[in-house]
């Protein structure tokens, strides 16, 4: 399948807990538009991608996946979470900030065998490669399900659940 930019696709989350895409528990792939970065080579998500609140633990998210369809479809690329995998627990909201998922189409060598002789067109294949070391995954939480002292809520600070 030929991949052209700018690109519209669907971003999924892969969990090392089950070694598969997250299923159920409030999860759904997120639609994303990828536009050229200033370098004219890489593309990045133009808006923040936020998943619905997890209704139960999704597990440790170690990769994001780019698909051509909301369900099923063709996997276009897999990108590591950076700087490290994240744990998505009940009430958490996983998100990728605008520009946090950047990649480019690159040529990589084919292995030896049928159709892989020579160089350039016959000796390489196109693949997507993450820019900047991986995808910047973040966790926030659903403010309506948490009770925090007035003025203490911060983006990276989680408060205790209401009793």
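With the simple spin-label model, which puts each label point 7 Å out from Cα in the Cβ direction, the residue 46 to residue 74 separation comes to 2.3 nm. Counting every C-alpha pair in the range 31-71, the share spaced more than 12 angstrom apart comes to 73%. Would you work out if the range 20-103 is rounded, prolate or oblate? Take a ≥ b ≥ c from the square roots of the eigenvalues of the alpha-carbon gyration tensor; rounded if a/c is under 1.5, else prolate when a/b is larger than b/c, oblate otherwise. Prolate is the answer for the range 20-103, as a/c is 1.5 or above and a/b outweighs b/c. Where in the range 47-87 is the amide nitrogen less than 13 Å from a point lying 7 Å along the Cα-to-Cβ axis of residue 31? Flagged as within label range: 69-71.
Just so you know, all these numbers are worked out from the coordinates, no wet-lab data involved. No experiment lies behind these values; they were computed from the predicted model shown. Because the Cβ atoms are built from the backbone with ideal geometry, glycine has one as well, and the counts that use them run over all protein chains shown.
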